[in-house]
Amino acid sequence: MRVTLIHNPGAGRQRPRDAARLCELLGEHGHEVRYRSSKEDGWKEALKKKADLVVVAGGDGTVGKVARRMVGRGVPIGLLPSGTANNIARTLGLLERPFEEIVRGWASPRRVRLDVGVVAGPWGERYFIEGVGAGVFATLIAKPSGTGLKKGASPVESGLQRLQNAVAHCEALELYAKLDGQDISGRYLLMEALNLAYIGPNLHLAHDSKPGDGAFDVVLVTEDERARLLYYLEHWQDNRDRLAVLPTRRGKRLEIEWTGFALHIDDKIRPKAKAKPREIAGVVEARIDGHAVEFLAPD
């Protein structure tokens with residue numbers, strides 16, 4: 001196959017020769033490889049060139065950037081998880097599998113459809129892969145570099161610890177929202193519309209989520225659930241796949257009256273630091289309406 005390989009050399013615990021090893025591995029299985037680093041100019045243009053498969057070697061950020069550009073292209077994605085959280089790979093069942101096994105499996109693969117959500121606000125529209133939300137999680141992501149969520153020598157572990165500390169002291173946020181036309185307004189520590197079972201530092205919040213199921217899970221955490229969320233964050237070391245078991249509703253269209261509070265779209269925050277006044281308030285709509293990408297996985 002003609003393969004476009006998008007590689008993030010800074011993801012996870014990458015080593016200097018990893019790019020060459022990845023190209024060698026793909027070549028050994030008969031693939032013609034076009035390599036691009038996601039850290040250099042040209043990777044977006046490479047996705048526009050003809051290919052039978054786009055392979056992403058990186059973490060959730062890199063996978064998300066590529067997947068958003070492959071919507072509607074009809075070209076499947078192969079994933080070689082190399083990040084820290086790897087929520088997308090975890091959802092697809094690709095973690096703890098050798099790259100050799102994953103690549104070999106593309107010969108007769110299982111094809112997994114993954115919904116791609118659309119979020120629209122005063123700034124315009126964009127796709128999202130993991131989720132959209134407000135409250136303590138978004139506020140922590142929005143903190144300046146070095147004080148935010150996934151920082152430190154062990155980003156997942158330190159991120160969960162920082163989130164635990166934030167949940168213990170944060171105030172609830174008054175949110176006015178509708179889910180599929182039904183009013184769900186209230187005071188929330190956390191409101192997340194999740195397209196994956198996992199988000200951020202492996203938070204397992206949407207336990208009923210399935211790839212390509214045509215809906216997202218909206219997790220709603222009020223003051224009454226603060227202790228339950230804290231218990232989950234205090235005991236994640238016992239079982240990385242422990243369920244948070246928080247109030248959740250399923251839907252296809254979430255509307256939030258946005259007044260400029262921190263709002264995350266995957267790993268991006270709104271409002272931007274230099275946002276214009278007209279980009280800081282209005283109705284934000286997150287929806288699932290048929291957009292998707294297809295991943296290849298070993299059968």
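When you look at E174, is it free of Cβ contacts under 8 Å to residues at least 24 places away in the same chain and assigned to a strand (DSSP E or B), yes or no?
yes
Quick check on segment 109-124. Is at least one of its residues acidic (D, E), surrounded by 15 or more Cβ atoms within 10 Å (Cβ to Cβ) and at pLDDT below 95?
No, that holds for no residue.
Taking only segment 251-297 into account, find how many residues are over 22 Å from L140 (Cα atoms) and either part of a loop (DSSP other than H, G, I, E, B) or without any contact (Cβ under 8 Å) to a residue 24 or more places away in the chain (or both).
7
Quick check: anything in segment 141-152 surrounded by 15 or more Cβ atoms within 10 Å (Cβ to Cβ), touching a strand residue (DSSP E or B) at 6+ places or on another chain (Cβ under 9 Å) and in the same structural domain as A281 (by TED's automatic domain parsing)?
Checking segment 141-152: at least one residue is surrounded by 15 or more Cβ atoms within 10 Å (Cβ to Cβ), touching a strand residue (DSSP E or B) at 6+ places or on another chain (Cβ under 9 Å) and in the same structural domain as A281 (by TED's automatic domain parsing).
Mind checking which residues of segment 42-66 are in contact (Cβ under 8 Å) with a residue 24 or more places away in the chain and among the acidic types (D, E)?
If the condition is that a residue be in contact (Cβ under 8 Å) with a residue 24 or more places away in the chain and among the acidic types (D, E), then D52, D60 are the ones that fit.
Output the residues belonging to segment 186-236 that are surrounded by 18 or more Cβ atoms within 10 Å (Cβ to Cβ), among the small types (G, A, S) and assigned to a strand (DSSP E or B).
Listed by number, the list holds a single entry, A193.
Please determine whether any residue of segment 183-190 is touching a Gly at 6+ places or on another chain (Cβ under 9 Å), outside the structural domain of G64 (by TED's automatic domain parsing), closer than 29 Å to E294 by Cβ and touching a residue at least 24 places away in the same chain (Cβ under 8 Å).
No, the conditions are met nowhere in segment 183-190.
The values are calculated or read from the model by the stated rules, or taken from the named source; none is laboratory data. Bear in mind the structure is a predicted one, so any value in this text is a computation, not a measurement. Neighbour counts are summed over all protein chains in view; Cβ atoms, including those assigned to glycine, are modelled from backbone coordinates with ideal geometry.
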